[in-house]
Amino acid sequence: MKRAMIGLMLVALLAASSSNYKPAHAANDLVNLSHLQFLTQPITVQGREMALVHIYSETPDYKWVDAAGEGISAVDDVARAAIVYLWQYERTHDQATLDLARRCLEFVRYMQAADGQFYNFVFNAQGKINETGNTSYKSLDWWAMRGLWALGEGVRVFDSVDKAYADTLAGSFKMTEAALGKTLGEYGKTRDLHGFKIPAWLPNGASDSSGVGLLGLTTYYTARPNPQTADILTKIADGIAAYRLGDNNVYPFGMHPVSDHAPGYWHDWGAHMVHALAVAGMALHRQDWIDSAAADADSFLLRQLAFERFRDMGVVPDRLGQIAYGTNMIVQAYAALYRATGQDRYARYAGLAASWLFGNNMAGVQMYDPATGRVFDGINGPVAWRVNQNAGAESTIEGLMSLIAVADLPMAARYLYAKPETGNTWRVYEAEDGQRISGQPIYYSGNWTGETNISNGRYVGLGRGQVMELSLDVPTDNYVLYVAHLRQVRQQATNAAQAVRVATPPTIDGKLDEWSAIPVIASNSREQLLRGSGLWQGPEKDSHNVQLSWDTDNLYMAVSVRDPEHIQRYKTSEVWHDDVIWVYGVNSPKANRLTAKFTFAQTPDGPQVWDWLNSGFLKGAAMVWQKTDGGYIYEAAIPWKSISVADPKAGAAIGLEVGRGIGGNSFMDLTGRDPDIALNLLPVTLTEAKTDAAQVSPPPEPVFLQVQIDDQPPVLVSESTSPDRDYFWLDAVWRQPTLISAGTHTLRYAYVGAGADGLSKVDAFLLQPATARRTFRTPDGIQIILTYNTLTGEAHWSEAF
């Protein structure tokens, strides 16, 4: 049956089954592009006809609102708008829609640099490009991957209507494809993190944006099969497919994490990994990619249908801040799996996920208005007044993408107006909210560890003799209890990093003769890449060594860099675009926030040390840059007072990180951790003389957390389990579900390690029903029952009047 006929049947079905349904635009199509067309402004730049898509649109009048400081339009939105126009053209064959798609694609091409990378924002309708903003600089970041996707879709659609223009788009596509291919030099290699083998070649170290790029590659390949595209496509899909962790009841529950340096973290926005693997698997007949996508969708994504939606998980779920951008990812994933497998359940799941737009959400608010084509910007609470009723470009575009995905799938569309009736769900209990029973626990604050979120921005440390209790008020159910806590390293090196006191300060001249006796801290391994390991050319070409010395006035630093070419075209606060050394510091390894953040840069105006915390040159600092064979040297003197150290003494310790970009959105440092997080910095001991850096301390006393509910037998959770470094994780307290009756119960937790100095750090408890159960009802009276057994991984869907 033709798509047009299916669309008419869909409209009739929806009109008959929902008293809330409003006729959309003149074409009587549920997919209404009116608001997107309003946001789209045709312009002419340098004789080229193109279009902007204005970023924000605010209630009550919904006029254009631009992004202050960034620009008035971005590839981020225009590329996705082009895809919506192309998809809708395929459904309606409306020439005006195709013309808007062409204009949007011309904007995308205009923002492409000669090397295939992309800028993102323009400042005005005259096309002035924002070349230096941190959301717009030339890169292969998110906006480039969206540009690639739009170009691939453009080639596919225009191949049948304007072959010459499709060839033009293909030329632009191949430029970015070639640039992307150059980032895959580490294909087949892995990096070890927390006991996991993680693919080392994902572009930007990111599964999420790589998935968007994979969609573009696959779309282009289906239109114009060729070995180069197939090779790049295969490498990226292999990486995404291999990077799936956990299972139905072991954290992180079978998900594809979004970043290669954060194996326990996922966010819904832009997380197209399942979607991309399904379509790529169809294109190249790779069942293993489809299986990887299905394993995620049948476990991790299914939790969001059977329990409730959440915005991100890392390490406990957070449901606030839901947006259409996150909804679309789930809709596209299930719709693609339906096409890939032919299994009806995926079509049903796609429709149920899309029902978020029509009120199946925690606020109970219809987020899409078929009469205007607007999609509200988000939900930040379980009540109507927490709905953001602005209707910006991103929300509108992503909502329309979801609707197009299910509009011609009657099996999905029949569930668009399903409303929740009953259900059970997980509950998060914050550890710091507990009552102190004995001792004085330590309270910590923070939001992001560099790998995961801190739930509610706080966590608690429990030492010897310290006990806390939480009250749980729950309905009767069989529950599984998880704890979000710090897995601690089993063995720690001492004196691994040191700054040696010098009687005579080194001459700051870029010559390192005076540094021969100072120990070297090396950054030369794959594990020290925070992101972008696919760009790494190995330690002989991309690495750096750090040497540290000190006296009562200064911290002295010598950074020897291996780099095939030094490039620095900028000055002051713009130096981050090119070659630069980043230094992060704290005046104590236990500090909760940075006390220093500065850069060394050899600029067109000479050496500069820029203070990022105070937005100026670092006071009293001196730095010299010197070219060497195969690289260059930064030598510097940094006054202690400029990094908030008042009285340096031998035996004291500071926290330090020294890193550099190695191309694109890459970063390599001493620890491989996010340096903007104070607790991630490398402890550096101030010594009187060089000591043996290989010395290892005895294993610390093991740390255990004791957990008990009411009078049940207490359970010990081992926390000294990390093979590399401390990190937050979600571990099961109970191996089997426990029946808890309705009412108030007491959860007691305490440190029971043997060491007097041990500390158990606890973020939150996740109390989750072993089996999720939700019921929904459609406007025509059908009751849907969805269950998901998290222990067995089995799901069941039933319908009845």
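The values are calculated or read from the model by the stated rules, or taken from the named source; none is laboratory data. Everything numeric in this text was worked out from a predicted model, so none of it was measured. Heads up, the Cβs are rebuilt from the backbone with ideal geometry, glycines too, and the neighbour counts pull from every protein chain shown. Keep in mind that these areas ignore ligands, DNA and RNA; they rest on the heavy atoms of the full protein, side chains included. Shrake-Rupley method; radii C 1.70, N 1.55, O 1.52, S 1.80 Å.
Which of the residues that make up the stretch 65-106 are open to solvent by 40 Å² or more (accessible area, probe 1.4 Å), within 29 Å of Gly181 (Cβ to Cβ) and polar (S, T, N, Q)? Across the stretch 65-106, there are no qualifying residues. Criterion applied to Val274, Val279 was being open to solvent by 10 Å² or more (accessible area, probe 1.4 Å), of a type in the set (Val, Ile, Thr) and part of a helix (DSSP H, G or I), and the one residue passing it is Val279.
Residues of the stretch 592-624 that are out of contact with any Asp or Glu (no Cβ under 6 Å at 6 or more places or on another chain), under 18 Å from Leu548 (Cβ atoms) and of a type outside the set (S, T, N, Q): Leu594, Ala596, Lys597, Phe600, Val609, Gly620, Ala621, Ala622, Met623.
A quick yes/no check of all residues on (1) in contact (Cβ under 8 Å) with a residue 60 or more places away in the chain; (2) charged (D, E, K, R):
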| position | (1), (2) |
| --- | --- |
| Val586 | yes, no |
| Phe600 | no, no |
| Phe617 | no, no |
| Met623 | yes, no |
| Glu635 | yes, yes |
| Pro639 | yes, no |
| Ile643 | yes, no |
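Taken as a whole, the stretch 527-534 holds no residue that is part of a strand (DSSP E or B), touching a residue at least 40 places away in the same chain (Cβ under 8 Å), closer than 27 Å to Thr685 by Cα and among the polar types (S, T, N, Q). Can we say Ala237 is in contact with an Asp or Glu (Cβ under 7 Å, 6 or more places away or on another chain) and either modelled with pLDDT of 95 or more or not acidic (Asp, Glu) (or both)? Considered against the rule, which asks whether it is in contact with an Asp or Glu (Cβ under 7 Å, 6 or more places away or on another chain) and either modelled with pLDDT of 95 or more or not acidic (Asp, Glu) (or both), Ala237 comes out as no. The residue that is farthest from Arg191 (Cα to Cα), counting only those in the stretch 640-685 that are hydroxyl-bearing (Ser, Thr, Tyr) and outside any helix (DSSP H, G or I), is Ser644. Filtered by the rule that a residue be touching a Lys or Arg at 6+ places or on another chain (Cβ under 8 Å), open to solvent by 10 Å² or more (accessible area, probe 1.4 Å) and part of a loop (DSSP other than H, G, I, E, B), the stretch 396-438 gives Asp408, Asn424. Which condition number in (1) open to solvent by less than 30 Å² (accessible area, probe 1.4 Å); (2) touching a helix residue (DSSP H, G or I) at 6+ places or on another chain (Cβ under 6 Å); (3) of a type in the set (S, T, N, Q) is the one that Asn665 fails? Of everything listed in (1) open to solvent by less than 30 Å² (accessible area, probe 1.4 Å); (2) touching a helix residue (DSSP H, G or I) at 6+ places or on another chain (Cβ under 6 Å); (3) of a type in the set (S, T, N, Q), Asn665 misses just condition (1). Within the stretch 238-249, the presence of a residue that is of a type in the set (Asp, Glu), in contact (Cβ under 8 Å) with a residue 24 or more places away in the chain, open to solvent by less than 10 Å² (accessible area, probe 1.4 Å) and part of a loop (DSSP other than H, G, I, E, B) is excluded.
One residue alone among Arg748, Arg735 is open to solvent by 40 Å² or more (accessible area, probe 1.4 Å) and either over 27 Å from Leu716 (Cα atoms) or in contact (Cβ under 8 Å) with a residue 60 or more places away in the chain (or both), and that residue is Arg748. Residues of the stretch 318-337 that are open to solvent by less than 10 Å² (accessible area, probe 1.4 Å) and touching a strand residue (DSSP E or B) at 6+ places or on another chain (Cβ under 7 Å): Gln322, Ala324. Got a number for residues in the stretch 726-752 being within 32 Å of the chain's Cα centre (by Cα) and aliphatic (A, V, I, L, M)? Number satisfying all stated conditions: 3. Of all residues in the stretch 538-588, those being open to solvent by 40 Å² or more (accessible area, probe 1.4 Å), part of a loop (DSSP other than H, G, I, E, B) and closer than 19 Å to Gln528 by Cβ number 4. Take the residues in the stretch 131-143 that are buried (at least 18 other Cβ atoms within 10 Å of the Cβ) and not small (Gly, Ala, Ser), then tell me which one is farthest from Tyr220 (Cα to Cα). Taking the candidates together, the pick is Tyr137.
Taking (1) closer than 18 Å to Gly116 by Cα; (2) open to solvent by 10 Å² or more (accessible area, probe 1.4 Å) in turn, Asn226 satisfies each apart from (1). Residues in the stretch 771-785 that are among the aliphatic types (A, V, I, L, M), buried (at least 16 other Cβ atoms within 10 Å of the Cβ) and within 15 Å of Arg414 (Cβ to Cβ): Ile784 alone. Where residues in the stretch 622-640 are open to solvent by 10 Å² or more (accessible area, probe 1.4 Å) and under 36 Å from the mean Cα position of the chain (by Cα), which of them is farthest from Leu594 (Cα to Cα)? Among residues in the stretch 622-640 that are open to solvent by 10 Å² or more (accessible area, probe 1.4 Å) and under 36 Å from the mean Cα position of the chain (by Cα), the one farthest from Leu594 (Cα to Cα) is Gly630.
The single residue among Arg191, Arg146, Arg156, Arg109 that is buried (at least 24 other Cβ atoms within 10 Å of the Cβ) and of a type outside the set (Val, Ile, Thr) turns out to be Arg146. Looking across the stretch 444-474, just one residue is hydroxyl-bearing (Ser, Thr, Tyr), modelled with pLDDT under 95 and over 16 Å from Glu719 (Cβ atoms), and that is Ser445. Within the set Leu656, Leu613, the sole residue that is of a type outside the set (Gly, Ala, Ser) and crowded, with 19+ Cβ neighbours inside 10 Å turns out to be Leu656.
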